[in-house]
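Okay, handing you the structure first.
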Amino acid sequence: MSGAPHVVILGGGPAGCGAAYQLRRLERARVTLVERQEHFGGNAGSFEWGGQWLDFGSHRLHYTTEPGILADIRSLLDDDLLARKRNGRIRLRGRFVRFPFKPTDLLMSLDKRFASGVLFDMIAGKLGMRRRFSADTFADVLLRSLGPTICNSFYFPYARKIWGHEPAELSGIQAQRRVTANSFAKLIKRILKPVGDGMFYYPRRGFGQITNAYADAAGQLGADMLLNTNVERLQAPASPDGRWQVHVSQQGVTRVLDADYVWSTIPITMLARLTSPAPPAALSGSTPGIDYRAMLLVYLQLDVDRFTPTDAHYFPESSISITRLTEPKNYSDLTTPAGSTVLCAELPCAPGDATWSMSDDQLGELVVRDIRSAGLPLIRPPVAVNVKRLRHAYPIYLSGYEQHFDALDAWASGQPRLLTFGRQGLFAHDNTHHALFMAYCAAECLTGGTFDETRWAGFRRVFATHVVED
């Protein structure tokens with residue numbers, strides 16, 4: 001390798017764009033980023049509809065963002081990063097409870113039977129009266145730590161909706177990585193003193209403004225940022241000192257990118273299918289235990305200034321199909337457009353199932369029924385409906401999934417100068433600030449044209465401790 005190495009980055013989400021920016025800022029490599037969609041950001045991107053900026057679901061930049069990364073985001077967005085106070089509600093056993101939880105709200109809003117059940121479970125756990133669980137599933141981990149009342153009323157029905165499986169079929173790692181308050185001690189601490197006191201950061205022009213700012217800055221620093229470009233095939237080096245050949249197509253024109261390093265933030269299952277020579281057959285097809293939950297995002301435009309003051313409503317109950325309903329105007333505190341607002345309903349499903357196959361109008365009608373069933377004040381039908389379909393929304397951690405992922409990860413790690421990271425690349429439940437942290441760590445490991453594998457292994461151990469912020 002002579003001169004600066006050429007790094008080809010697959011995927012233009014936060015991890016990919018963050019890595020492109022950091023590599024160019026540190027002058028560690030020449031960079032080409034390949035993104036198949038027409039916008040950067042991936043599932044953390046934004047788009048315009050109904051006269052305002054909308055996100056692909058609900059996104060916040062959390063106060064736990066690493067200070068150096070937060071400083072960069074502030075600098076890239078100038079004065080467009082707003083500090084906002086959360087104002088959510090959870091519908092629990094037919095009643096709305098404020099979220100993040102506050103002691104007074106819990107005392108006033110929770111029904112007494114639920115509250116007494118939680119108190120009993122807490123005492124039973126302290127006295128060792130709770131049933132022993134020898135297995136390590138999602139159900140066992142949470143029952144062991146929280147007891148049946150919270151699990152059966154909140155976590156279990158929510159899990160069935162989000163991941164499409166029974167809690168006993170899911171890995172205990174799903175509870176450890178996805179449930180922030182997975183013990184009474186953590187729950188009490190969160191109620192008494194929420195992280196950031198319930199505050200979050202949000203850009204004026206939608207959450208995707210963060211990734212777009214990284215992409216723009218990377219381009220200004222010399223990175224070649226390709227949109228609407230498909231990766232057709234990855235040809236691995238024939239020798240340890242050879243180069244990757246990345247076959248891409250853009251508007252019907254194909255070309256080959258020679259790369260010293262390939263950094264992938266796309267789903268690791270997709271990476272395996274694209275690579276030649278192909279990995280073992282067990283890894284290159286539909287890998288058992290490695291799957292993603294799909295998500296339908298149903299946007300309803302209403303002819304009112306505001307629907308409610310609430311930024312996000314959560315629906316764990318099985319009687320309501322959607323899991324979350326957000327009003328983007330309340331995230332960025334917009335007053336425009338006047339006389340119009342948009343709601344975003346999140347509806348998890350499986351690709352190709354009956355829900356996924358519904359028309360936009362049918363999905364709009366389903367969401368309207370759910371909103372009215374929840375007792376929310378939908379005075380008139382929506383004036384317009386828009387639906388976005390996300391194929392890879394949430395990793396599903398079935399029991400034993402880790403042995404399948406570890407096999408894929410070992411194969412990828414065994415390829416010369418191939419790196420996988422980010423939410424999709426590591427099959428991880430992570431927030432945007434976690435993905436950016438991974439990107440910065442990757443760039444730190446590339447010095448003098450050589451990637452420090454030992455240092456990266458240390459960072460990987462840190463990534464494994466990440467827990468999703470709700």
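The values are calculated or read from the model by the stated rules, or taken from the named source; none is laboratory data. Not measured: the values here are computed from a predicted model. Here the Cβ is made from the backbone with ideal geometry for all residues, glycine too, and neighbour counts use every protein chain on show.
What number of residues within region 412-470 satisfy the criterion of being among the small types (Gly, Ala, Ser), closer than 24 Å to residue 278 by Cα and in contact (Cβ under 8 Å) with a residue 40 or more places away in the chain? Break it down stepwise before answering.
First, the residues of region 412-470 that are among the small types (Gly, Ala, Ser): 412-414, 422, 425, 428, 435, 439, 442-443, 448-449, 457-458, 464.
Right, trim to closer than 24 Å to residue 278 by Cα and you get 412-414, 422, 425, 428.
Those still in the list that are in contact (Cβ under 8 Å) with a residue 40 or more places away in the chain too: 412, 422, 425, 428.
Within region 412-470, residues that are among the small types (Gly, Ala, Ser), closer than 24 Å to residue 278 by Cα and in contact (Cβ under 8 Å) with a residue 40 or more places away in the chain number 4.
Within 30 Å of residue 55 (Cβ to Cβ), polar (S, T, N, Q), under 22 Å from the mean Cα position of the chain (by Cα) and not assigned by TED's automatic domain parsing to the domain that holds residue 267 - does that describe any residue in region 384-397?
Filtering region 384-397 down to residues within 30 Å of residue 55 (Cβ to Cβ) leaves 384-397.
Next, only the ones that are polar (S, T, N, Q) stay: 386.
Restricting the remaining residues to those that are under 22 Å from the mean Cα position of the chain (by Cα) gives 386.
From what's left, not assigned by TED's automatic domain parsing to the domain that holds residue 267: 386.
Within region 384-397, one or more residues are within 30 Å of residue 55 (Cβ to Cβ), polar (S, T, N, Q), under 22 Å from the mean Cα position of the chain (by Cα) and not assigned by TED's automatic domain parsing to the domain that holds residue 267.
Oh, and also: Residues of region 314-343 being touching a Gly at 6+ places or on another chain (Cβ under 7 Å) and not polar (S, T, N, Q), which ones? Let's see the steps before the verdict.
To start, the set of residues in region 314-343 that are touching a Gly at 6+ places or on another chain (Cβ under 7 Å) comprises 314, 337, 340, 342.
Answer for region 314-343, where residues must be touching a Gly at 6+ places or on another chain (Cβ under 7 Å) and not polar (S, T, N, Q): 314, 337, 342.
Right, here's the next one. Which one of these does residue 333 not meet: (1) at pLDDT below 90; (2) out of contact with any strand residue (DSSP E or B) (no Cβ under 9 Å at 6 or more places or on another chain)?
(2)
Modelled with pLDDT under 95 and in contact with a strand residue (DSSP E or B) (Cβ under 6 Å, 6 or more places away or on another chain): is that true of residue 293 in this structure?
Values: modelled with pLDDT under 95: yes; in contact with a strand residue (DSSP E or B) (Cβ under 6 Å, 6 or more places away or on another chain): yes.
Yes, satisfied.
Do we find that residue 25 is of a type outside the set (A, V, I, L, M, F, W, C), more than 30 Å from residue 330 (Cβ to Cβ) and in contact with a Gly (Cβ under 9 Å, 6 or more places away or on another chain) in this structure? Explain how you work it out, then say what you get.
Working: of a type outside the set (A, V, I, L, M, F, W, C): yes; more than 30 Å from residue 330 (Cβ to Cβ): yes; in contact with a Gly (Cβ under 9 Å, 6 or more places away or on another chain): no.
Judged against the criteria, residue 25 is not a match.
From the list 428, 443, 457, 435, pick out the single residue that is under 25 Å from residue 200 (Cβ atoms) and assigned to a helix (DSSP H, G or I). I'd like the intermediate steps shown before the answer.
Details: 428 fails: assigned to a helix (DSSP H, G or I); 443 fails: under 25 Å from residue 200 (Cβ atoms); 457 fails: under 25 Å from residue 200 (Cβ atoms).
Going through 428, 443, 457, 435 in turn, the sole match is 435.
Table: residues versus (1) surrounded by fewer than 17 Cβ atoms within 10 Å (Cβ to Cβ); (2) closer than 22 Å to residue 78 by Cα; (3) of a type in the set (A, V, I, L, M, F, W, C); (4) modelled with pLDDT of 75 or more.
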{"residue": "179", "(1), (2), (3), (4)": "no, no, yes, no"}
{"residue": "182", "(1), (2), (3), (4)": "no, no, no, no"}
{"residue": "186", "(1), (2), (3), (4)": "yes, no, no, no"}
{"residue": "190", "(1), (2), (3), (4)": "yes, no, no, no"}
{"residue": "201", "(1), (2), (3), (4)": "no, yes, no, yes"}
{"residue": "215", "(1), (2), (3), (4)": "no, yes, yes, yes"}
{"residue": "219", "(1), (2), (3), (4)": "no, yes, no, yes"}
{"residue": "223", "(1), (2), (3), (4)": "no, yes, yes, yes"}
{"residue": "231", "(1), (2), (3), (4)": "no, no, yes, yes"}
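Against the conditions (1) of a type outside the set (Ser, Thr, Tyr); (2) farther than 22 Å from residue 317 by Cα; (3) crowded, with 19+ Cβ neighbours inside 10 Å, where does residue 92 fall short? Just the number, please.
The single condition residue 92 does not satisfy is (2).
Right, here's the next one. What's the total number of residues in region 410-463 that are among the aliphatic types (A, V, I, L, M), within 22 Å of residue 63 (Cβ to Cβ) and either modelled with pLDDT of 95 or more or exposed (fewer than 14 other Cβ atoms within 10 Å of the Cβ) (or both)?
First pass over region 410-463, keeping only residues among the aliphatic types (A, V, I, L, M): 410, 412, 418-419, 426, 428, 435-436, 438-439, 442-443, 446, 457, 462.
From the residues that got through so far, the ones that are within 22 Å of residue 63 (Cβ to Cβ) too are 428, 435-436, 438-439, 462.
The next check asks that each one be either modelled with pLDDT of 95 or more or exposed (fewer than 14 other Cβ atoms within 10 Å of the Cβ) (or both); those that pass are 435-436, 438-439, 462.
Qualifying residue count, region 410-463: 5.
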